[in-house]
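Taken together, the values in this text are just the output of simple stated rules run on the coordinates, not laboratory data. Worth saying up front: this structure is predicted, and the values here are computed from it rather than measured. All Cβ positions, glycine included, derive from the backbone under ideal geometry; neighbour counts span all protein chains shown.
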Amino acid sequence: MKQRRVVITGMGIWSCLGKNISEVETSLREGRSGIGTEQARLDYGYQSALTGIVERPVLKGLLDRRQRVGLSEEAEYAYMATRQALEQAKIDADYLQHNEVGIIFGNDSSAKPVIEAANIMADKHDSALLGSGFIFQSMNSTVNMNLSTIFGLRGINFTVSAACASGSHSIGLAAMFIRQELQDVVVAGGAQETNFYSMATFDALSAFSKRMDDPQRASRPFDADRDGLVPGGGAAALVLEDLDHALARGATILAEVTGYGFSSNGFGGISQPSNEGSLIAMQRALTDADLSPEQIDYVNAHATSTPQGDRFEALALTELFGGTGIPVTSTKSMTGHECWMAGASEIVYSLIMMHGGFIAPNINLETVDPAAETLNIPTKAVDAELNNILSNSFGFGGTNSALIISKYPRA
């Protein structure tokens, strides 16, 4: 039986690079960082005040109070990104009422409502004072439960919790549901809260850069002098659809999801990266897409600006691509690490590059790490025809995901 093909018909983004596709494209082309500092982090006890600066959306007038009260911070971002994606896909309320649409989002924590509720209980010792909003904000499925209710989505509905590969796995799993004829349309994406409650435990690991004197140069993927990642967040959403279904309703096709690969490292410490695990995920994505390494035009690397993570990914990329000269950049040099949303947002960034005919730069790369010396890492935006893009996402616990998107129709 011929396997169904999965295409992307809509995308939306809410990040430190911009609040829509147009704003984000400008940032990517110009190599503009969205990173700054937040004094509240230092006041709270952080070692580093660095963070991606993400504007909170104003939802009054878009949603009624009852809908707003259950939204966590990351669900607010996800709502805005999903609105954009559905609008671009030309999926309106009437379509949603008469057709089954699923939703799979990557979301790995919801710290702020949990801590705020705990603080009220510790101070007042009265659960009646918590109200109804905290439960819907604090559950790990906060994004899915809110958006499925707001938009009236009646298909598959669950959250992917896979650390920093969450957003990527959500897209891969959504594609699998469509390929297996279980769904025709699925909204897939990732979301990440940016409040200071959410990242204190990361800061405790000394995982963050300390370059607070020059925030926009703090995130330095593949640079020999990198000293840690910068946390970011927001949300990204994609509308994935069966090709025949998309053609039948006259949708504009942005790209095709041709490859999904995954693996688990299965050894070492819980935060230990693995070049072998990374390589297996990429190889599986290539096999799924029926592509050779030479047919990849660009790699959007996971590279988060951590000493170990970047090195192991560089080793895996070198083993897979050798001296082919395929361009590799990490958009995290501009966004910081968007964590649970990163695997989805980096597909959006890659789609923007594919349609714009350019590769965004790996900014702040001054001295290339020896492990990455054989890689072709552009430090300025370059014009390029991108037919096949590989995007990597790796997370704590050894979870690895690789996605390949291809220009439609395929070259």
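Scoring 119-126, 195-202 by mean Cβ neighbours within 10 Å over their residues and listing the highest first yields 195-202, 119-126.
Extension gain for Glu385-Lys60 works out to 112.9 nm (0.36 nm per residue, less the C-alpha to C-alpha distance).
A cut-off under 9 angstrom between Cβ atoms defines the neighbours of Cys16, and their net charge, with Lys, Arg +1 and Asp, Glu -1, is -2. With contacts taken as Cα pairs under 8 Å and at least 6 residues apart, segment 7-406 reaches a relative contact order of 24 percent.
Per 0.36 nm of contour for each residue apart, how much would the distance between Thr201 and Gln67 grow if the chain were fully extended, relative to their Cα-Cα spacing? Don't jump to the answer; show the numbers that get you there.
Values: separation 134, 0.36 × 134 = 48.24 nm, distance 3.03 nm.
The Thr201-Gln67 span can extend by a further 45.2 nm.
Straight-distance candidates among the aspartates and glutamates for linking to Lys112, with alpha-carbon spacing under 18 Å and chain neighbours fewer than 8 residues away dropped: Glu38, Asp43, Glu55, Glu73, Glu74, Glu76, Asp123, Glu193, Asp203, Glu338. Coupling constants for segment 119-134 follow from the phi torsions by the Karplus curve (6.51 cos²θ - 1.76 cosθ + 1.60, θ = phi - 60°), and in residue order they are 5, 5, 5, 5, 8, 9, 6, 8, 5, 5, 7, 7, x, 9, x, 4 Hz; glycine and proline get x. Counting only aspartates and glutamates at least 8 places from Lys90 when in the same chain, those with an alpha carbon closer than 13 Å to its own are Glu241. Within the same chain, lysines fewer than 8 places from Lys380 are excluded, and of the rest, those with a Cα less than 29 Å from its Cα are Lys19, Lys210, Lys332, Lys407.
Charging the Cβ of each Asp and Glu at -1 and of each Lys and Arg at +1, and nothing else, the dipole of the chain about its Cα centre rounds to 600 debye. Less than 5 angstrom separates the built amide H of Arg5 from those of Leu243, Asp244, all sequence-distant by 5 or more or on a different chain.
With each label modelled as a point 7 angstrom along the Cα→C-beta vector, the Asn376-Glu276 pair spans 3.1 nm.
Of the listed peptides 318-325, 369-376, what is their order by residue-averaged count of other C-beta atoms within 10 Å, with the highest listed first?
Details: 318-325: 14.2, 369-376: 17.4.
Result, highest mean first: 369-376, 318-325.
Sorting the segments 262-275, 38-51 by their mean number of nearby beta carbons within 10 angstrom, highest to lowest, gives 38-51, 262-275. Based on alpha-carbon centroids, what's the gap between segment 189-219 and segment 69-140 in Å, whole number please? So the separation of the two Cα centres works out to 22 Å. Remark on Ala384: its backbone amide H falls under 5 Å from those of Phe358, Ile359, a criterion applied only to residues 5 or more positions apart or on other chains, H modelled at 1.01 Å from N.
Applying 1/(1 + (r/R0)^6) with r as the Cβ-Cβ distance of Glu181 and Ile135 and R0 = 35 angstrom yields a FRET efficiency of 0.50.
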